[in-house]
Amino acid sequence: MVPARRLPSGPVAPARAPRRRLAVGMAALLALCGVAALAGVARAETPDKSSPPPPAAVQAPAAPAPRPAVAGQGAQVAPQAVPSFWDPRRRPDRPDLTRLTVIRFLTETDYPPFNFTGPDGNPAGFNVDLARLICEEIKVTCTIQMRRFETLVDSLTSSRGDAVIASLAATPQLRAKVDFSDPYYRAPARFVSRREAVLVEMRPEYLEGKKVGAVAGSAHEAFLKSQFTDAQIIGYPNDEALRLALRKGEVDLIFGDAISLAFWINGTDSAECCGFSGGPFVESRYFGEGIGIAVRKGNDVLRQAINWAMFRIWEKGRYTDLWLRYFSVSPF
């Protein structure tokens, strides 16, 4: 287990979130994606040190409830749901694709399940498969080069590739260097509790006096301090310590990146102890604007072609198939 790097203390998306590697049994591996089920989250190139924005409203059901609904002993994790990041009412126009003959995608070497080297030595993972679907939809030759994460943006801006698909968060810092496609996934935040105490809904009043853990200095901790003011918030140095605290009953709930938590819930490290409570939180001022594909500044032809292709992939149901292949426990 790699210790998590401390994240910015302000309520912003993590600049380059720590790798969260989780041990998963063989049955879970096959069910997840046929590879080592190691969870990753969105990254960006440089930390965002902007001042904290005003508190964001927490999404909650409109109808008041006198007390939380508890799923009960042996509650199961939420059923799989495939998120939609495209609005069917905003169908993009088909761009002029005649100028595109090849797309040279750049991706990372080791960030499973999004990027990794397959058994045959070729690039593999969620990002890689999406890149291939995009090229197939556009009907253009596609190459995929694997590079170290920290070299990707420089490789793009120096024309050693045409697009970066490597779980890049569309932060203001990166937008100053590159242009981004529409988001193709987001990294929401969620609460996790022990299975016998899973809550159907999550509201600030439900956590009054409760012990809630988060990684110290993270955007998740900042969000809790802003929105769940009556909870007893406890900071932990990394994800491993945070999850162990929940397993041992030192805290009532933990709050963190839903993608890595989904893999942990379904993996052997959790010992089937826990499940998601309530739904996802996607406040962009804390958890980012989403994950996009980066292209060079001003390359609108390629950016529009990618946006059109991703919409078509989603419309045809191929994005759903891809999502289910890699995420058997939904982070949403």
### Message
Quick query: amide H of Y111 versus all other amide H atoms, modeled in the peptide plane; which residues come in under 5 Å with a sequence gap of 5 or more or a different chain?
### Response
F116
### Query
Using the heavy atoms of the protein chains alone and a 1.4 angstrom probe, what is the accessible area of segment 166-269 per residue in square angstrom?
33
### Query
What does the convex hull of the Cα atoms come to per residue for segment 104-150, in Å³?
68
#### Entry: Low-density loop positions, GluC sites (Glu not before Pro), segment 246-293 - DSSP coil, at most 15 other Cβ in 10 Å
E250, E272
### Query
log10 I(q)/I(0), Debye, Cα-only segment 100-217, no solvent, q = 0.09, 0.12 Å⁻¹?
-0.39, -0.60
### Query
How far apart, in nm, are the 7 Å Cα→Cβ label points at V82 and E272?
2.8
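Given that compact globular proteins tend to follow 2.2 N^0.38 Å, what is the ratio of the alpha-carbon Rg of segment 221-332 to that value?
1.38
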## Note on the structure
segment 279-312 scanned against label point 7 Å out from R104 along Cα→C-beta; backbone N under 13 Å for 296
### Message
Net charge within 11 Å of K297 by Cβ-Cβ distance, Lys/Arg positive one each and Asp/Glu negative one each, not counting K297 itself?
### Response
+2
#### Entry: For segment 180-268, share of DSSP beta bridges that run antiparallel, in % to the nearest 5
40
### Task
Give me Rg over Rh for segment 159-279, both radii from the alpha carbons and Rh done the Kirkwood way, two decimal places.
1.06
### Other-chain or far-sequence residues with amide H under 5 Å of Q145's (modelled H)
F105, L106, T107
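The values are calculated or read from the model by the stated rules, or taken from the named source; none is laboratory data. Keep in mind it's a predicted model, so treat the numbers as computed, not measured. We place every Cβ from the backbone using ideal geometry, glycine too, and count neighbours over all the protein chains shown. Heavy atoms of the whole protein, side chains included, go into the accessibility calculation; ligands, DNA and RNA do not. Shrake-Rupley method; radii C 1.70, N 1.55, O 1.52, S 1.80 Å.
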